[in-house]
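Report on the following structure.
Derivation of every value follows stated rules applied to the coordinates shown; laboratory data play no part. Everything numeric here is computed off the predicted structure, so don't read it as measured data. Every residue, glycine among them, receives a Cβ derived from its backbone with ideal geometry; neighbour counts consider all protein chains shown.
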Amino acid sequence: MSRSRDVVEVIAQVLADRAGNVTVAEREGSDVTHIELSTAGHDLGRMIGRQGRTAAAIRTLAELAESDERRVSVDIVDAP
């Protein structure tokens, strides 16, 4: 697990009504770390925020938490 994944998970659990519904998965690419944040529909809006500001902030913090020069991609999806 990377520090960026941990940052995304902590922020998402704080924002969500039910922290148990938050799932964060990570996979490593050649030069990019992909993080997928999934949550229930009613919490999805909280993760995205008005005009995507919260999502942008989550992505920025994930990039800053990464220790090396790797890029970080954070995708926010609706849990099935």
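Here are some notes:
- Whole-Hz couplings from phi, Karplus 6.51/-1.76/1.60, listed for region 14-19; x for Gly and Pro: 6, 6, 6, 5, 10, 4
- Residues whose amide H comes within less than 5 Å of that of THR33, counting only those at least five positions distant or on another chain, are ARG71, VAL72, SER73 (H built at 1.01 Å from N in the peptide plane).
- Applying 0.36 nm per residue to the separation of ALA19 and GLN51 and subtracting their alpha-carbon distance, the gain on full extension is 9.2 nm.
- Taking the C-alpha atoms only, the angle from helix 53-65 to the longest principal axis of the chain is near 30 degrees.
- Of the two radii for the chain, the radius of gyration is 0.95 times the Kirkwood radius, both from the alpha carbons; that is the Rg over Rh value.
- Compared with the direct C-alpha span, the chain from ARG70 to GLU28 gains 14.1 nm at full extension, assuming 0.36 nm per residue.
- Residues whose amide H falls under 5 Å from that of ALA79, counting only those 5 or more places apart or on a different chain, are THR39, ALA40, GLY41, with hydrogens built in the peptide plane.
- Average Cα contact separation per residue, the chain, under 8 Å, 6 or more apart, as relative contact order %: 37
- For the chain, with +1 on Lys and Arg beta carbons and -1 on Asp and Glu, the positive-most of SER73, THR33, MET47 along the dipole: MET47
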